[in-house]
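Data block below; observations after.
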Amino acid sequence: MRSQIVSTVLRTAARPSLVARPVARAVPFAARASSSHAEETFESFTERYVNFFKNAEDLFEVQRGLNNCFAHDLVPAPSVVEAAVRAARRVNDYATAIRVFEGIKEKVENKSQYEAYLQELKPLREELGLTLKEELYTSS
């Protein structure tokens, strides 16, 4: 029995991984503040995205802008939606133009807000020939 204890102690001492050592804690190399810039106003947000969509040159840019725009915790202004839809049609992507409206439908709090967006943007939809999914089902 005594020889078993001695051999266990010797084996433990021979393996450095089993020897108790102080654990080094991971310390972040550089701490970063959670928000290093001032909060953006809704007006500057709107202006930034309207300008972005007016200058978007290809479908990837339009979709990237839409992803970034819809990632914020707010519903984009109708002017942003108009600029995004026009950009989608400019790069010849009808489906993305329709999906902008689907994104608005998901972002608003209730159906009446969505209806208000549809009413305000109705001239744009008629100009560009956009038919939404719910309009297809009601016209039959």
Please report the net charge: other residues with Cβ closer than 10 Å to the Cβ of residue 54, K and R +1, D and E -1. +2
Local electrostatic count at residue 111 - Lys and Arg +1, Asp and Glu -1, tallied over other residues with Cβ under 11 Å: -2
Using a probe of 1.4 angstrom, how much of the accessible area of the range 42-136 is carbon and sulfur, in percent? 48
For residue 66, tell me the accessible area in Å² from a 1.4 Å probe, rounded to the nearest 10. 20
Per residue, accessible area of the range 42-136 with a 1.4 Å probe, heavy atoms of protein chains only, in Å², comes to 58
Could you please report the charge total around residue 70, scoring K, R as +1 and D, E as -1 over all other residues with beta-carbon less than 12 angstrom from its beta-carbon? +1
Among all lysine pairs in the range 42-136 that are eight or more places apart or on different chains, how many have alpha carbons less than 18 angstrom apart? 6
Rolling a 1.4 angstrom probe over the protein chains, ignoring ligands and nucleic acids, what is the accessible area of residue 47 in square angstrom, nearest 10? 120
Run the numbers on the range 42-136 and let me know its relative contact order in percent, using alpha-carbon pairs under 8 Å that are six or more apart. 26
Three-way shape call for the range 42-136 based on the alpha-carbon gyration tensor, with the a/c threshold at 1.5: oblate
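The values are calculated or read from the model by the stated rules, or taken from the named source; none is laboratory data. Bear in mind that the values here come from a model prediction, so they are computed numbers and not experimental data. Note that each Cβ is placed from the backbone with ideal geometry, even for glycine, and that neighbours are counted across all protein chains shown. Accessible surface areas use protein heavy atoms only, side chains included; no ligands, DNA or RNA. Shrake-Rupley method; radii C 1.70, N 1.55, O 1.52, S 1.80 Å.
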